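Q: First the structure, then my questions, so here it is.
The values are calculated or read from the model by the stated rules, or taken from the named source; none is laboratory data. Values in this document were obtained by computation on a predicted structure and should not be read as measured data. Virtual Cβ from ideal backbone geometry, glycine too; neighbours counted across all protein chains shown. What goes into the accessible areas is simple: the full protein's heavy atoms, side chains included, and nothing from ligands, DNA or RNA. Shrake-Rupley method; radii C 1.70, N 1.55, O 1.52, S 1.80 Å.
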Amino acid sequence: MTTRASAQACCAGGSAITPGRLLKNEQFLVGLQLRTASVIGSFDANARFRGPAAGTSEWDFEQDLFATLRVLTRAQLSLLVPVLESSRRSPNTGREFGGGFGDLNFGARYDFLWAHDSPYIPGIAGLAGVTLPTGRAPEAAHLPLGSDATGIGAWQANLGLALEQAFGAWLLDLTALAARRSERRIGTLHSQLGTRFSAIAALGYVLSGDLSLALGATYTTEGNSAINGQEVAGTMHRSLELAGFGVWSPSNVWRVQWSVFLDPPLDGLGQNQLTTTGASVALLRTFL
């Protein structure tokens, strides 16, 4: 029981590609995740934080259906289907609400070593994923504030490496991810977002056989965008997210995962990036 709960503290904190991850004795899972976030400001190109302009607001909502299947003893494949909504307000346009299906995500994980295999060598897993541009790109939005945009308008490929190790009731997870997006056409222009790198650290603690908690941080940096093959200076992105996670396992086949998160609104901690705070909760049904 302790092993099951401690692994899930890491799973909730370090699952960068999908919120669903199988434990060693699980063959399949399905789940639903609800997420909401409020924009509390933004960082400009000089990494200065600014609060929201007077009369403006933004609330974002997300519902994710996901499933994970074990295909080999150490390999699992995942699918995530997001539905997104956004409520935005400005003094000029008033409030608007839009949404729709987002970008589909397929993920894969291969555990070369598990966290409990050795007291000295950490668990090592390879991560891969691809995101399809099935959502509505920002330039295709119909509403004035773009609240009906639900995707980035490009293919995205992810590669990563995850390390994790257990120390009694503690579990440490370190994950590194790289993401590359395809070029897309906006009118007569060809645009491409910069390569994105993310570093994720999570530390979990088992309170009991059924309950575990974790704290985590995600730092992301993204290179300058390019227009018609030319890099545009000053368009890079940086962000830091702090989060708390919890996992409750009332039985061997049900799990509840939740989180609260915040982008610290302090100068220097972000660049060209909205700052948000919010929460999520997920219900998972597993099959042994």
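Q: Restricting attention to the range 100-124, report how many residues are open to solvent by 30 Å² or more (accessible area, probe 1.4 Å), within 30 Å of Ala149 (Cβ to Cβ) and not charged (D, E, K, R).
A: 4
Q: Looking at Ser78, Ser86 in this structure, which one is within 20 Å of Asp148 (Cβ to Cβ), of a type in the set (Ser, Thr, Tyr) and either surrounded by 15 or more Cβ atoms within 10 Å (Cβ to Cβ) or in contact with a helix residue (DSSP H, G or I) (Cβ under 6 Å, 6 or more places away or on another chain) (or both)?
A: When all the criteria are applied, what remains is Ser86.
Q: Shifting gears a bit: Open to solvent by 40 Å² or more (accessible area, probe 1.4 Å) and hydroxyl-bearing (Ser, Thr, Tyr): does that describe Thr195?
A: Considered against the rule, which asks whether it is open to solvent by 40 Å² or more (accessible area, probe 1.4 Å) and hydroxyl-bearing (Ser, Thr, Tyr), Thr195 comes out as yes.
Q: Next question. Give all pairs with beta carbons closer than 6 Å in which a residue from the range 165-189 that is within 17 Å of Ala154 (Cβ to Cβ) and open to solvent by 40 Å² or more (accessible area, probe 1.4 Å) meets a residue that is part of a strand (DSSP E or B) and at pLDDT 90 or above; count only pairs at least 6 apart in sequence or on separate chains.
A: Arg180/Ala157
Q: Return only the number of the condition from (1) outside any strand (DSSP E or B); (2) open to solvent by less than 40 Å² (accessible area, probe 1.4 Å) that Gly278 does not satisfy.
A: With respect to (1) outside any strand (DSSP E or B); (2) open to solvent by less than 40 Å² (accessible area, probe 1.4 Å), Gly278 is out only on (1).
Q: Right, something else. Looking at this structure, is Ala217 open to solvent by 20 Å² or more (accessible area, probe 1.4 Å), in contact with a strand residue (DSSP E or B) (Cβ under 8 Å, 6 or more places away or on another chain), among the small types (Gly, Ala, Ser) and at pLDDT below 90?
A: no
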